[in-house]
Amino acid sequence: MADKSDSPWGRKSLVFQKQFTRSKEKVLQKLGKSDETRDEIFECYTQNLTTQIANASKLNKEVKNYQACCRAMGNASSSLYNTLEEIYEEEWDGQSELGNIKETLGLLWDDYQRKLLDQIFNPIIRYQSKFPDMKKKVEKRGRKLIDYDSARHTLDGAKGKKDEARLAKAEEIHAEKKKNYEDINNDLHEELPDLYDRRIPFYAQTFQQLYSAESTFHEEVGKAMSQLSDIMANLNKEAQVGTYSIKKKIPTIHRDNNASHSSSLPVPPSPNSSDRSMASSEQPERGGSEQGQEEDEDEDDSQDAAEYQIPRSTPVVAPRLSLAENSEADEVKEEPKTTDLPEGVLYMVKALHDYACLDSDELSFLKGETIQVIAFDDPEDQDDGWLYGIKESDNTRGVFPENFTIRI
């Protein structure tokens, strides 16, 4: 007759029988109807294994996070020194050395990240790879222990009866289960302490390599930083003595720029132009040479004024309107809109001139665009001659000069 284990159904039957026997034994042990073999030393070993696995997983997680931070820091460093190289002008002292220093720093970051991978992270993975097999072996030992306890209880029950065949079978099964359990138990009593003791040299080597790589990295980066510091110190020294000063060239450049754009850009009128005209009519006429000199000075003053941004506290002077624009503005002003305004909108205004913002919180607009005027979040932020609003064309918001617009 063929053995049951030779056929698939026979093997399944044996597996089911083992599972049923083990489950029954566990229930009896929990109910206190059968005793359980206890090994306190082995339980200490398994507790150490659990702690060892948890520590290795935590170390793996933190090293991954450290690698990600180093990668991000390396990218940020590369972007920073690329920008420095771009804005550092050619005639400045040390410009030729910046490229070499930037390349050196990039190589240092790449080398450090490669060491983290090869010397730190990969050894941790290899260290953790030993745990799954050991856990499986511990679980197998637990199953063999239940089989051994079950066979031992079956043998104790057979001894109280006068069935020699049953007793002989129980003794045979007991001897087999005991041998299987003791073999794997003895192996684990040697392997578990050995694996636990390996954590010490592993941690020592891992962190020694980590700190050695980090120390070398910071030492080399420090040398590069020292070179950069010397370059910037020399540049500052040269700037203090006026080596790169171009102040004497600014007026000429301004005059050329103003002359080229004077025909296309409207010049804001002087706030006191009417007073000056009245005063000039009352004064005696001056000589031709003095009048020409005064005109040159007025031209220089207007050119210099165009080179600086007007402070927020001083209202921006709008260009003069033509006769047609004045009549159009008067027509718009006669019929202001006071109804059907969106919630929070005080009133609407229409741009009479183009305006380009001079600050990040200002609003740029073109002539003819409509703006919804709203209240300032903090009334103290409002300056004289400035409004706060939302441009209808793209819903951008900001402050703008009131005299560039007309209420509608």
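The values are calculated or read from the model by the stated rules, or taken from the named source; none is laboratory data. Not measured: the values here are computed from a predicted model. All Cβ positions, glycine included, derive from the backbone under ideal geometry; neighbour counts span all protein chains shown. What goes into the accessible areas is simple: the full protein's heavy atoms, side chains included, and nothing from ligands, DNA or RNA. Shrake-Rupley method; radii C 1.70, N 1.55, O 1.52, S 1.80 Å.
Each residue in the range 150-169 was checked for being of a type in the set (D, E, K, R), open to solvent by 50 Å² or more (accessible area, probe 1.4 Å) and in a helix (DSSP H, G or I), and 5 pass.
Yes or no, residue by residue, for (1) open to solvent by less than 40 Å² (accessible area, probe 1.4 Å); (2) more than 30 Å from GLU85 (Cα to Cα); (3) in contact (Cβ under 8 Å) with a residue 24 or more places away in the chain:
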{"site": "LEU107", "(1), (2), (3)": "no, no, no"}
{"site": "ARG114", "(1), (2), (3)": "no, no, no"}
{"site": "ILE125", "(1), (2), (3)": "no, yes, yes"}
{"site": "LYS136", "(1), (2), (3)": "no, yes, no"}
{"site": "ARG141", "(1), (2), (3)": "yes, yes, yes"}
{"site": "ILE146", "(1), (2), (3)": "yes, yes, yes"}
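In the set TRP109, TRP92, only one residue is modelled with pLDDT of 90 or more, in contact with a helix residue (DSSP H, G or I) (Cβ under 7 Å, 6 or more places away or on another chain) and in a helix (DSSP H, G or I); that residue is TRP109.
Listed here are the residues, each with its yes/no results for (1) under 39 Å from the mean Cα position of the chain (by Cα); (2) modelled with pLDDT of 95 or more; (3) surrounded by 14 or more Cβ atoms within 10 Å (Cβ to Cβ); (4) assigned to a strand (DSSP E or B).
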site	(1), (2), (3), (4)
GLU295	no, no, no, no
THR314	no, no, no, no
GLU328	no, no, yes, no
VAL332	no, no, yes, no
PRO336	no, no, no, no
GLU380	yes, no, no, no
SER393	yes, no, no, no
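A residue that is open to solvent by 60 Å² or more (accessible area, probe 1.4 Å) and at pLDDT below 90 occurs nowhere in the range 40-57. Scanning the range 67-88 for residues that are free of Cβ contacts under 8 Å to residues at least 24 places away in the same chain and of a type outside the set (A, V, I, L, M) gives CYS69, ASN75, SER79, ASN82, THR83, GLU85, GLU86, TYR88. Counting the residues of the range 395-408 that are closer than 13 Å to ALA351 by Cβ and either among the charged types (D, E, K, R) or open to solvent by less than 40 Å² (accessible area, probe 1.4 Å) (or both) gives 8.
For the range 58-105, the set of residues classified as β-branched (Val, Ile, Thr) and open to solvent by less than 90 Å² (accessible area, probe 1.4 Å) consists of VAL63, THR83, ILE101, THR104, listed by residue number.
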